[in-house]
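Below: the structure, in structure tokens.
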């Protein structure tokens, strides 16, 4: 039987069912007497609803019910509430429009839900939805940040917020020998998970309890919010997630459909299933990024960073959803200087509403946006003062000897050797670069290299529950409130338990994805799972070993102080007398004193995964085609539970960062708010042949603020990939005197820049 240690590299146990087609995803589920639902969505970005006529639709074959906003009010269904409604620093309430699960009087974006159609079959529901006659009175649509700012309507502004010492920052700029200033556009992206969103609602009339089967990342959080909207206690709602085919943040917050499916099941008196189509997903799934910024970096005559000044405005879309107010404030400015030593920082942040799909989170929310600002600034400063970008970074990075380091905003980074990461990454990346550059020039092409340093603070829910139960068949059942969405939790958590308690991994049962299994859970987001649940496992293991020592001492007729625990066995020090953990658990069970442990962990500190990523690109000036030819990364994720799984997380995140840099762009028609990139015919996603083999290495320095020393690895490439590629492109274009680049670096964008044609992105 396999006892694993932290640092071992077993393959994922969950892959067996995933690769053999025996997994259970939401669309695989077929409940008895189940009806099917379709959501009718607004075709207008902004309009008043004059009337909704369902007469023709309700008489169609197989119809069960059609629900509208008026029905919603009549049944006492409330509006959706954002998770944060008040500025935690000033207690100033955020301004936000009311969002009902079904629009009642006005629609605010293309895709806003209008009606829920329930029928015996999916085809019948679709046919009926086409028969609903909705009369609209179109209103002017605002799609861009500047539209909201120029509209003169205070309700378009969600928040204005600032952090840092403005006076000290201004003083530092006045004494600066050099100031680098850049304007940024971090364009909108559409987060496409492999499995679309969906759900199945159930209602038990005998108990009044709802059950919602859902493809989601944060079940307990969603449960509480859905229950609030339904007007019931959270105990009257159970959320269950089967296998989840990817999340990346898009499945993190509550959606209208979660409420609608519970309500529909009650109305229909039977289970109701809804699976989003890919085309509807483009106009109903939360989108991400989308902020403008003006940034300045002050340097002294020796190239030392003196101060950073940033003014940023984020586009929330039509509504304030989930934790987006916090993303645009606290999370955005947690590490504004990144890994750099910057004495004075001041950041102004605003967030506005537009008639576009609401923005949510995607890998590295807040940190990805600011990393792009900071890393682009550093490269621009290096060009302007004639310094090597890597050397300028090393000069200004927080040193390993300065740890723990408090930045100018008050965040304390506990560990890391940033300069060593840059040194190692650049040594690997620059090996042979001059030769490759010459070879490109011989072909009439240009080549560049660019750096993107990433660092983030793990956020997400601040506490986590896990449970360890010893079963009568000498197995252990592990239950967690985190959520697996492809990270390999079933493997890595078993590995931690096996190492700490000496239990063979095949004797550990994994349970998750059910709000009835455990009192509360933080789900998954912001690379929190291993840090939070792993720390809770460690705390539970210590309690189990302490209690087990008392029982083992009685069984071995020895003093408790003489009992040692190692590799699943309690023994008397200096003797060969011992008893196994499972025998101790059996004795405890027989005496009614179980070893079972429910453990909560509430974080007091963040972890800070970080690393240096280097991209190398080749550009064809004739066509503007950008080819990513090499990608090197040296990362610090602290202690790695399973380096094999870490590498998989890094690969996926890099693909997303590169995708945003080179091709992905959620573009809207500025006049009518229609999404121009509403399918994979128009929205380009990276594929295998767009990416080189990644050169990855790890220089992990254990985190000092949790017992496992872990930091989190899921978002690094998504944060660093965009600025690394953008800096590489600008490096290649340096001889053309092109110093500014926004939006994805598509062939058309580069061709227009090289040919001095105006670039105008939606």
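Each reported figure results from applying straightforward, stated rules to the coordinates on display, with no laboratory input. For clarity, every value in this text was computed on a predicted model and none was experimentally measured. Glycine also receives a Cβ, built like all others from the backbone with ideal geometry; neighbour counts cover every protein chain displayed.
Going by C-beta contacts inside 10 Å, put 397, 219 in order with the fewest on the left.
Ascending number of Cβ neighbours within 10 Å: 397, 219.
For region 112-186, what is the convex hull (Cα atoms) projected area averaged across all directions, in square nanometres? Don't skip to the answer; put the middle values down first.
Working: hull surface 41.0 nm².
In nm², the orientation-averaged hull projection of region 112-186 is 10.3.
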Computed on Cα atoms only, the convex hull of region 168-218 has an orientation-averaged projected area in nm² of 8.8 nm²
Taking 0.36 nm per residue of separation between residue 516 and residue 8 and subtracting their Cα-Cα distance, the length gained on full extension comes to 179.6 nm
Computed on Cα atoms, the radius of gyration and Dmax of region 678-762 in angstrom are 18.1, 56
Note on region 71-154: alpha-carbon gyration tensor, axes a ≥ b ≥ c; rule is a/c under 1.5 for rounded, else prolate if a/b larger than b/c, else oblate; result oblate
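Compute the semi-axes of the equivalent ellipsoid of region 608-716, taking the square root of 5 times each eigenvalue of the Cα gyration tensor, and list them largest first in whole Å. Working shown, then result.
Values: eigenvalues 217, 69, 24 Å².
Equivalent ellipsoid of region 608-716: 33, 19, 11 Å, largest first.
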Label model pair residue 167, residue 402: point-to-point distance (7 angstrom along the Cα→beta-carbon line) in nm is 2.4 nm
The extension gain from residue 600 to residue 139, computed as 0.36 nm times the residue separation minus the Cα-Cα distance, is 161.0 nm
Region 369-386 scanned against label point 7 Å out from residue 395 along Cα→C-beta; backbone N under 20 Å for 374-386
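Given N residues in region 1-108, what is its alpha carbon radius of gyration divided by 2.2 N^0.38 Å? Before the final figure, lay out the partial values.
On the way: Rg = 23.4 Å, N = 108, 2.2 N^0.38 = 13.0 Å.
That ratio works out to 1.79.
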The residues 266, 50, 363, 447, sorted from fewest to most surrounding Cβ atoms within 10 Å, come out as 50, 266, 447, 363
Burial-style ranking of 498-510, 176-188, average other-beta-carbon count within 10 Å with highest first, yields 498-510, 176-188
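Would you calculate, for the chain, the mean residue ellipticity at 222 nm contributed by helices, counting each DSSP H stretch of 4 or more residues as -39,500 (n - 2.57) and dividing by all residues, to the nearest 500? Kindly include the intermediate steps, with their values, before the conclusion.
Numbers: 19 runs with 218 residues, N = 762.
Taking each H run of at least 4 residues, the total per residue is -9000 deg cm²/dmol.
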All alpha-carbon distances of region 573-628, grouped into 10 Å bins from 0, give the whole-percent distribution 15, 16, 14, 14, 13, 11, 11, 6, 0
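Express the relative contact order of region 186-330 as a whole percentage, based on alpha carbon pairs under 8 Å and six or more residues apart in sequence.
Details: 235 pairs, mean separation 42.6, N = 145.
The normalised contact order for region 186-330 reaches 29 percent.
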Kirkwood Rh over alpha-carbon pairs of region 457-502 plugged into Stokes-Einstein at 4 °C, 1.567 mPa s gives a D in µm²/s of 105 µm²/s
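Quote the relative contact order of region 567-643 in percent (integer), defining contacts as alpha-carbon pairs under 8 Å separated by 6+ residues. Spell out each step's value before the answer.
Numbers: 63 pairs, mean separation 14.6, N = 77.
Dividing the mean separation by the residue count of region 567-643 yields 19 percent.
Return 480, 22, 171 ranked ascending by Cβ neighbour count within 10 Å, so the fewest neighbours appear first.
Numbers: 480 27, 22 10, 171 14.
So the ranking, lowest neighbour count to highest, is 22, 171, 480.
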Sorted largest first, the C-alpha extents of region 548-687 along its principal axes in whole angstrom are 83, 37, 28
One finds, for residue 561 and residue 697 with R0 = 51 angstrom and r their Cβ-Cβ distance, a FRET efficiency to the nearest 0.05 of 0.70
Whole-Å distance linking the alpha carbon centroid of region 576-642 with that of region 366-386 is 29 Å
Per the Cα gyration tensor, region 287-342 corresponds to an equivalent ellipsoid with semi-axes, largest first in Å, of 29, 12, 7
Expressed to one decimal in nm², the mean projection of the alpha carbon convex hull of region 360-433 is 6.7 nm²
Using alpha carbon centers only, region 30-91 is separated from region 147-168 by a whole-angstrom value of 32 Å
In nm, the gap between the two label points placed 7 Å beyond Cα toward Cβ at residue 18 and residue 150 is 4.7 nm
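If you take the Cα Rg of the chain and divide it by 2.2 N^0.38 Å, with N the number of residues, what do you get?
Details: Rg = 27.3 Å, N = 762, 2.2 N^0.38 = 27.4 Å.
Dividing the Cα radius of gyration by 2.2 N^0.38 Å gives 1.00.
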Sorted on mean Cβ neighbours within 10 Å (highest first), peptides 203-212, 608-617 come out as 608-617, 203-212
If R0 = 41 Å, then residue 183 and residue 81, at their Cβ-Cβ distance, give a FRET efficiency to the nearest 0.05 of 0.70
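Over all alpha-carbon pairs in region 152-246, figure out the percentage whose distance exceeds 19 Å.
Values: 3052 of 4465 pairs.
So the pairs more than 19 Å apart make up 68 percent of the total in region 152-246.
Once you order the gyration tensor axes a ≥ b ≥ c over the Cα atoms, which shape class does region 657-708 get: rounded for a/c under 1.5, otherwise prolate or oblate by comparing a/b with b/c? Write down the numbers at each step before the final one.
Numbers: a/c = 4.72, a/b = 2.03, b/c = 2.33.
Judged from the Cα gyration tensor, region 657-708 comes out oblate (a/c at least 1.5, b/c at or above a/b).
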On each of the three principal axes the extent of the alpha-carbon atoms of region 191-340, given in whole Å and largest first, is 76, 33, 28
Note on the chain: contact order normalised by length, alpha-carbon pairs under 8 Å, 6 or more apart, percent, works out to 16 percent
Reduced to Cα centres, the span from region 209-261 to region 652-679 in Å works out to 27 Å
Extension length gain for residue 471 and residue 438 (0.36 nm per residue less Cα distance), in nm, is 5.3 nm
Rounded to one decimal in Å, the inverse mean reciprocal Cα-Cα distance for region 311-402, i.e. its Kirkwood radius, is 14.8 Å
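Can you figure out the FRET efficiency of residue 209 with residue 304, using R₀ = 45 Å and their beta-carbon distance, to the nearest 0.05?
The pair residue 209/residue 304 has a calculated efficiency of 0.10.
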